[in-house]
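Asks: Questions regarding the structure given below will be posed in turn.
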Amino acid sequence: MFKKIITLLVLLVASPRTSGFTIHSRSLPSSSHLYSAAPSDVASDSDPLPMESMDNPERDEIKRKLLLLCASYDRGFGASKKARDQVDDLIQQLELANPTPVDASRGVDGNGSSTPDEGPPPLEGIWRMVWTTALDVLSLAASPIATPGAIYQVIEPPIATNIIDFIPRAQNLLPSAFPTSLIRAEVKTRASIRPDNSNRVGLNFEAVKVVPVEVLGMKADFLPPLSINLPGSQIKIEDLPGVDPATAPGYFDVVYLDNDVLVIRQNAPGGYFVSVKVDDCDP
């Protein structure tokens, strides 16, 4: 399903209606409890989450190496096999040191989203992607029309919105003083908790929206967004007869989660996503 949505986004961006725009990302409200690729993008003032102390020099060194690789190879878009293998190895090391080995999905469905004892849902916040091995995302760089800019996952339980900014490919060849353009694509999903795995988050895709944000340096407020409600969005796949709710399609597993780094593994077509927590999703 996600692969089909990515294909749809590429077609929408390549259409005459939207080509040539640069998307200015619409700022989303940052939660007080709270997918560029540089390690400095990690938010330093996020409120602490209810997990074990992060005072772990060995784990911090693994994170440092991971973020340096992410920044050096353009979030995976320009990665060599050696770099991908190195990142995979670091992710496996982090998984063994995960401070949130259980209950990472707590409250992501909007039920009991915050308690005095446990705090807000661990996944709540704005996450900027700094690395991926998912082919459905890496293939976005093959478009001759637009190149992917910042990529986010904004989790405001029970809604998880995947945001992709697209920049006209020709813009990269122009002087920096040339007026910019940008288009933002948003994929709205509704999160759910899967049984038998408290670190698994189910996603039900609901809508796709393409928003022109900036055209040649001017705000594109005069252009209406293009929205598509996905068929069957009110039907949860895991609730269908004969479907195992624990392994039904459309989910990701939380491999690692602390105050400022999130690593997830999607079920299909597979691949890792490494994200850092940020204060907003402005371009």
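Asks: Just name the residue that is least open to solvent (accessible area, probe 1.4 Å) out of those in the stretch 155-193 that are in a loop (DSSP other than H, G, I, E, B) and of a type outside the set (A, V, I, L, M, F, W, C).
Replies: Ser181
Asks: For the stretch 212-222, what are the residues that are open to solvent by 50 Å² or more (accessible area, probe 1.4 Å) and either at pLDDT 95 or above or under 12 Å from Leu182 (Cβ atoms) (or both)?
Replies: Passing the criteria: Leu216, Met218, Lys219.
Asks: Testing Glu206 on (1) farther than 30 Å from Ala71 by Cβ; (2) open to solvent by 20 Å² or more (accessible area, probe 1.4 Å); (3) at pLDDT 90 or above, one condition comes back false. Which one is that?
Replies: Failing condition for Glu206: (2).
Asks: Still on this structure, please answer the following. Can you tell me which residue within the stretch 130-154, out of those that are of a type in the set (S, T, N, Q) and surrounded by fewer than 21 Cβ atoms within 10 Å (Cβ to Cβ), is nearest to Arg184 (Cα to Cα)?
Replies: So the residue we want is Thr147.
Asks: Then there's this: List every residue pair whose Cβ atoms lie under 6 Å apart, where the two residues are 6 or more positions apart in sequence or sit on different chains, the first residue falls within the stretch 263-283 and is more than 19 Å from Cys70 (Cα to Cα), and the second residue, located anywhere, is open to solvent by 60 Å² or more (accessible area, probe 1.4 Å) and assigned to a strand (DSSP E or B).
Replies: Close Cβ pairs (under 6 Å, with a partner that is open to solvent by 60 Å² or more (accessible area, probe 1.4 Å) and assigned to a strand (DSSP E or B)) do not exist here.
Asks: Taking the residues in the stretch 194-203 that are open to solvent by 10 Å² or more (accessible area, probe 1.4 Å) and part of a strand (DSSP E or B) as candidates, determine which candidate is farthest from Gly107 (Cα to Cα).
Replies: This residue is Leu203.
Asks: If you don't mind, there's one more thing I want to ask. Given the structure, is Asn162 over 16 Å from the mean Cα position of the chain (by Cα) and of a type in the set (S, T, N, Q)?
Replies: no
Asks: Answer yes or no as to whether Ile167 is under 25 Å from Thr133 (Cβ atoms) and more than 17 Å from the chain's Cα centre (by Cα).
Replies: yes
Asks: Identify all residues within the stretch 181-197 that are at pLDDT 95 or above and over 16 Å from the mean Cα position of the chain (by Cα); write none if there are none.
Replies: Ser181, Leu182, Ile183
Asks: Follow-up. Answer yes or no as to whether Glu58 is at pLDDT below 95, among the acidic types (Asp, Glu) and farther than 15 Å from Ile193 by Cα.
Replies: Answer is yes for this residue.
Asks: Hey, any hits in the stretch 232-254 for a residue that's open to solvent by 50 Å² or more (accessible area, probe 1.4 Å), modelled with pLDDT of 90 or more and in a strand (DSSP E or B)?
Replies: no
Asks: When residues of the stretch 105-120 are filtered for being part of a loop (DSSP other than H, G, I, E, B) and at pLDDT below 85, how many remain?
Replies: Total meeting the criteria: 6.
The values are calculated or read from the model by the stated rules, or taken from the named source; none is laboratory data. All of these numbers come straight from a predicted model, not from anything done at the bench. When we count neighbours, we look across all protein chains shown, and the Cβ atoms used for this are built from the backbone with ideal geometry, even at glycine. For accessibility, only protein heavy atoms count, side chains too; no ligands or nucleic acids. Shrake-Rupley method; radii C 1.70, N 1.55, O 1.52, S 1.80 Å.
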